[in-house]
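The structure under discussion appears below in the form of structure tokens.
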């Protein structure tokens, strides 16, 4: 297994772990609030659960695309394009780190408080996006429709 495949495998496993975590916090309104869910969402447990499971579904899908890129599951349609999109989603979410750090450092003044856990979540998103991007770029040739990314 190449380094690129190992990166994508790790990304896939991480997605499944995140999906389990996301589904789990659906049953704890206090944890949902802690991790940034709006109070209006937490007030309705059915909507909270539905939203959490919906997000978990996307994380599972992201995980399968990473595993497909790693060659551990069959090749999924639009593999390269989806890995680019997933990388972009995580990187864009992670770039929120920049204004968060500027607010915490006092460079930018705002009335919205930034909790340190949000900085950690942004850094984690940027890291995951970097892993997806590194795996995608590194395995670009094998991720092509004619590549040997299938087991």
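We did not get these values from a lab; they are worked out from the coordinates using the rules stated. Every value quoted in this text rests on a predicted model; they were computed, and no experiment measured them. A quick note on method: Cβ atoms are made from the backbone with ideal geometry, for glycine too, and the neighbour counts reach across all protein chains shown.
Overview of results
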item	result
Residue within segment 66-74 that is at negative phi, touching a helix residue (DSSP H, G or I) at 6+ places or on another chain (Cβ under 8 Å), without any contact (Cβ under 8 Å) to a residue 40 or more places away in the chain and buried (at least 16 other Cβ atoms within 10 Å of the Cβ) present	no
Scan of segment 102-119 for residues that are part of a loop (DSSP other than H, G, I, E, B) and touching a helix residue (DSSP H, G or I) at 6+ places or on another chain (Cβ under 6 Å), ordered by number	108, 110, 114
Hits in segment 92-117 (condition: under 30 Å from residue 1 (Cα atoms) and surrounded by fewer than 17 Cβ atoms within 10 Å (Cβ to Cβ))	92, 93
Matching entry among 52, 122 (being within 13 Å of the chain's Cα centre (by Cα), in a helix (DSSP H, G or I), free of Cβ contacts under 8 Å to residues at least 60 places away in the same chain and surrounded by 13 or more Cβ atoms within 10 Å (Cβ to Cβ))	122
Any hit, segment 9-28, residues being free of Cβ contacts under 8 Å to residues at least 24 places away in the same chain, over 14 Å from residue 135 (Cα atoms) and under 14 Å from the mean Cα position of the chain (by Cα)	yes
Restricting segment 81-91 to residues that are surrounded by fewer than 17 Cβ atoms within 10 Å (Cβ to Cβ) and without any contact (Cβ under 8 Å) to a residue 24 or more places away in the chain, the residue that is nearest to residue 35 (Cα to Cα)	85
Residues (without any contact (Cβ under 8 Å) to a residue 40 or more places away in the chain and in a helix (DSSP H, G or I)) located in segment 29-41	29, 30, 31, 32, 33, 39, 40, 41
Residue 62 vs. criteria in contact (Cβ under 8 Å) with a residue 40 or more places away in the chain, out of contact with any strand residue (DSSP E or B) (no Cβ under 6 Å at 6 or more places or on another chain) and either part of a loop (DSSP other than H, G, I, E, B) or under 25 Å from residue 7 (Cα atoms) (or both)	yes
